[in-house]
1. Modelled label-to-label distance, residue 327 and residue 188, 7 Å Cα→beta-carbon offset: nm?
2. Run the quick spin-label model on residue 248 and residue 1: label points 7 Å from Cα toward the beta carbon, then report their separation in nm to one decimal.
3. Please report the base-10 log of the normalised intensity I(q)/I(0) for the range 323-396, using a Debye sum with one equal scatterer per alpha carbon and no solvent, at each q in 0.22, 0.23, 0.24 (1/Å).
4. Based on Cβ point charges of +1 for Lys and Arg and -1 for Asp and Glu, what charge dipole magnitude is obtained for the range 197-345 about its Cα centre, in debye rounded to the nearest 20?
5. Would you mind listing how long the range 304-349 runs along its three principal axes, going by Cα atoms, in whole Å with the largest first?
6. How much FRET efficiency would the formula 1/(1 + (r/R0)^6) give for residue 282 and residue 351, where r is the Cβ-Cβ distance and R0 is 30 Å, rounded to 0.05?
7. Using only Cα atoms, tell me the angle between helix 86-103 and the longest principal axis of the chain; keep it within 0 to 90° and round to the nearest 10.
8. Which FRET efficiency value, to the nearest 0.05, is calculated for residue 271 and residue 342 with the Förster distance at 45 angstrom and r the Cβ-Cβ distance?
Amino acid sequence: MSIKFYNTLTKKKEEFKPINDKTVKMYVCGPTVYDYFHIGNARSFIMADVIRRYFEYRGYDVKFIMNITDVDDKIIKKANEEGVSSDVIAEKYTKAFLEDIEKLGIKRATINPKATENIQEIIKIIEKLISSGIAYQLGNDVYYSIDKFSQYGKLSGKNIDELISGARVEVDENKRNPLDFALWKGAKEGEPSWDSPWGKGRPGWHIECSAMAMKYLGDTIDIHCGGNDLIFPHHENEIAQSEASSGKPFSNYWIHFGFLNIDNEKMSKSLGNFFTTREILDKYPANALKFYYYQTHYASPLNFTKDGLEAAKNGIERINNTLQELKYNLSEGKEGNYEINIKEYEDKFVEVMDDDFNTPKGLSVLFELIKDINVCVSSGNLLKIENINNLINFFDRILNGVFGLNLSAYKNELSDKIISRFKEKRETFENIVEQKIENYDSENISKLINHLIEVRKEAKKSKKWNLADQIRNELKEIGILLEDRKDGSTIWKAE
């Protein structure tokens, strides 16, 4: 089997053929660090991460580059508004970006190059474009002449006449063509600048990505990713300047992520429906946000709702409960003769994910497996210990490895809530177990719950029904649900 996915450049689904066997050179447009990134940006970062992870799962070595744009008009504007230098703004929000990426459980890039660290590489490309007559100087500015690149528009699928009439372009009456874009911008008072053959100035946005992609991945890369909104002009311009500079194809495959709306409306600060990722992570686990995004194909538009996020959180809990069930049976040494065919499910998972990274269908395969496990549990068919171990390993490779859902971290997050609630009821639990409880960490909470289950079991044997009910009810209040099994055992699950 081979991986196939939609290539924006060719407008069709194609089999992936890497430049170098079993190596993927992948570039993803990162943030412009002038503010906290929003949940639309987060979707692109999360989906690029799962594509990278899936390549690794399929045995590829992925060199993953995500740039950081740390010099740009938006950064300068924010700095002027706050009365600080642009490097202060860039440093603040670069730090915030890396913190939030970590909170989301997104793997760090092989390299996160910054535009300001690659000024000389940018200048060299511009010099090459000028010497070949594709770029021209106007004062201290340098522009790319799109008329000199015959394939301009091949990514967006538009012709130049349409682009001239409909595109947002920089205003400069001296430009040869309204669509010509800035490679270098002459310095203005108070703005960051660097020495260049054309005077002090700074790079344009588009040339930054070309320089960083080519520096770290070579003249031709395997895959370039980004949001749909970047197809034109950003990615179109990247192709033009990169290919005119090197004389080689820039990227063999282009992957673009669908737009995100909020309650069926475009996300906008003016509409009051603009959410940063940091705001959402203050209220919801990162796993819930990622799971929510995985339920829609990466290229399709996604309508973001709080109800949908809550449903995603419940889906994660369902998976987590099944894993707890498996680990409980493993720890108790409960073994039977029943066996689930894991290979059948893994083959199905690979089949759907090989077809354009179809995460919704990938999740459906996992839930089919969970249903199979739950049928076994409810019917009293115990699994072989080896099969339980293999199931846990499979879930770990898919949930943690491919989807980046750190379920152990999620359980710890639940434990923090349980510990907080437990503190309020400490005296009640001490009275029930008739002993002083010293610590509040998750391990001791687990021991306490298991001890309470034993106390309840003895109470039921002694027909102390009120005490048994009290234990069940008190645990339920802090978010622990008890489930009595047919074999006389009791397991607990975090609500």
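1. For residue 327 paired with residue 188, the spin-label model returns 5.5 nm.
2. So the label points at residue 248 and residue 1 sit 3.2 nm apart.
3. Summing over Cα pairs of the range 323-396 leads to -0.95, -1.01, -1.07.
4. Numbers: 15 positive and 19 negative charges, 97 e Å.
Taking the Cα centre of the range 197-345 as origin, the dipole is about 460 debye.
5. Sorted from largest, the Cα extents of the range 304-349 read 44, 28, 11 Å.
6. Numbers: r = 38 Å, r/R0 = 1.27.
Efficiency computed from Cβ-Cβ geometry: 0.20.
7. Relative to the chain, helix 86-103 is tipped by roughly 30 degrees.
8. Numbers: r = 47 Å, r/R0 = 1.05.
Here the calculated transfer efficiency is 0.45.
The values are calculated or read from the model by the stated rules, or taken from the named source; none is laboratory data. Predicted, not measured: the structure shown is a model, and the values here were computed from it. Neighbour counts run over all protein chains shown; Cβ positions are idealised from the backbone, glycine included. Heavy atoms of the whole protein, side chains included, go into the accessibility calculation; ligands, DNA and RNA do not. Shrake-Rupley method; radii C 1.70, N 1.55, O 1.52, S 1.80 Å.
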